[in-house]
Amino acid sequence: MYSRITIDEVEERDVDDERPTLRAIGYELRPEQMRPNVWEYEAGESNVSHRQDEQEELYVVLDGRFDATIEHDGDREVVELSRHDCLVVPPESWRQLEAREESTLLVVGSPNVKDDGIVDE
């Protein structure tokens, strides 16, 4: 019928020492059509530059501020995001987020496929 969880109930996962902390809410909620995660960043922390193979991604800033670098077909733009800002990035666009302060980000990818991120070498 539905799934419900509080973010604080989901165990933190350290992906590695240089990346933000992950709370895999999708693993707990088991949605069929989307893949949600909450990422917790320390000031100055960033994710890797990447794009998706299939997933369109929705970014919602729950708290804090980010610089989001988006690149597509040679066009590159840095977008400032703050609390409650929302951003949608199509699969073919490269993206990287850097926290300007301690920040929390909800990321929802759709369709719900296993991690299809392609890392910028």
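The values are calculated or read from the model by the stated rules, or taken from the named source; none is laboratory data. Quick caveat, the model's predicted, so the values are computed rather than measured. Please note: Cβ atoms are built from the backbone with ideal geometry, for glycine as well, and neighbour counts cover all protein chains shown. When the accessible area is computed, the model is the full protein with side chains, heavy atoms only, and any ligands, DNA or RNA have been set aside. Shrake-Rupley method; radii C 1.70, N 1.55, O 1.52, S 1.80 Å.
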Could you rank the peptides 70-78, 21-29, 83-91 by their average count of other C-beta atoms within 10 Å per residue, with the highest value first? 21-29, 83-91, 70-78
Report the calculated FRET efficiency for SER49 and GLU28 (r = Cβ-Cβ distance, R0 = 30 Å), to the nearest 0.05. 0.60
Solvent-accessible area per residue for segment 35-121 (1.4 angstrom probe, square angstrom): 55 Å²
GLU71 to ASP14: FRET efficiency via 1/(1 + (r/R0)^6), r the Cβ-Cβ distance, R0 35 Å, to the nearest 0.05? 0.80
Taking all protein chains in place and a 1.4 Å probe, what share, in percent, of the accessible surface of segment 1-42 do carbon and sulfur account for? 39 percent
